[in-house]
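Notes follow the structure.
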Amino acid sequence: MASYEESLAEYVILSVRKPSTADYTADLEWFCRTFGFLESRDKQKTAYLIFKSLVEAAAHNTGLTSDELAEKLGLTRGTMIHHLNKLMKSGMVIFHEGKFKLRERSLKVTVEEIHRDINRLFENVVEIAETIDHTLGLVSR
């Protein structure tokens, strides 16, 4: 009998055209679209606003509680938790000492950590694929 395990993370990376000029708002929106946080049905850009608040909090070396975020953005706690769970599942955001914050001290270092996570994931996928190929006698060149 196969056992099923809930995924530890869900990495979504979309190919979105990079903004042609540097602009904080456009760059952050691009970032959110690229990582699947900003979907077309999110007309109020809720996920973007939450992520922006967390990135800006990182500039002050702090995080925010879900209640602080909800109050700041005028959102219900349920909406806030939904989006925060998605951000945590992406590997970008963590919950530490009662606050939500970027996984690392900067956005760049956070992305570098996720890059390492994805590389480790692919190393495991290749290893298992090789084992399956060997078991079935499949040959690769």
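Any read-out appearing in this document is the output of simple, stated calculations on the displayed coordinates, not a laboratory observation. What you are looking at is a predicted structure, and each value in this text was computed from that prediction instead of being measured. Positions of Cβ are generated from backbone atoms using ideal geometry, with glycine treated the same way; all protein chains shown enter the neighbour counts.
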Would you kindly state how much longer the chain becomes between Glu68 and Ala9 on full extension, computed as 0.36 nm times their sequence separation minus their alpha carbon distance, in nm to one decimal?
18.7 nm
Between (i) 47; (ii) 37; (iii) 43, which entry matches percent of Cα pairs over 25 Å apart as derived from the coordinates of this structure?
(ii)
Assign unit charges at the C-beta atoms only (+1 for Lys and Arg, -1 for Asp and Glu), then state the dipole size of the stretch 24-136 relative to its Cα centre in Debye, rounded to the nearest 20.
500 debye
Full extension from Val16 to Thr79: what is 0.36 nm times the residue separation minus their Cα-Cα distance, to one decimal in nm?
20.1 nm
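Assuming R0 = 30 Å, what is the FRET efficiency of Arg120 and Ala26, from their Cβ-Cβ distance, to the nearest 0.05?
0.40
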For Leu38, net neighbour charge (Lys/Arg +1, Asp/Glu -1) across residues whose Cβ lies under 15 Å away
+4
What is the order of Tyr11, Tyr24, Tyr48, fewest Cβ neighbours within 10 Å to most?
Tyr24, Tyr11, Tyr48
For Leu38, which sequence-distant residues (separation of 5 or more, or a different chain) have an amide H within less than 5 Å of its own amide H, given hydrogens modelled in the peptide plane?
Arg33
Integer Hz, Karplus 6.51/-1.76/1.60 couplings in order for the stretch 53-61, x for Gly and Pro
4, 6, 5, 5, 5, 4, 5, 9, 6
Neighbour-count ranking [beta-carbon atoms within 10 angstrom, fewest first] of Arg103, Arg17, Arg41
Arg41, Arg17, Arg103
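Which ordering of Leu54, Leu28 is given by a fewest-first count of other beta-carbon atoms within 10 Å?
On the way: Leu54 22, Leu28 18.
Taking fewest neighbouring Cβ atoms as first place, the list is Leu28, Leu54.
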Top of Ala129, Ala59, Ala70 by mean-square fluctuation, Gaussian network on the chain, Cα under 10 Å:
Ala129
Stretched out fully, how many nm does the piece from Ala129 to Glu97 gain, at 0.36 nm a residue minus the Cα gap?
7.6 nm
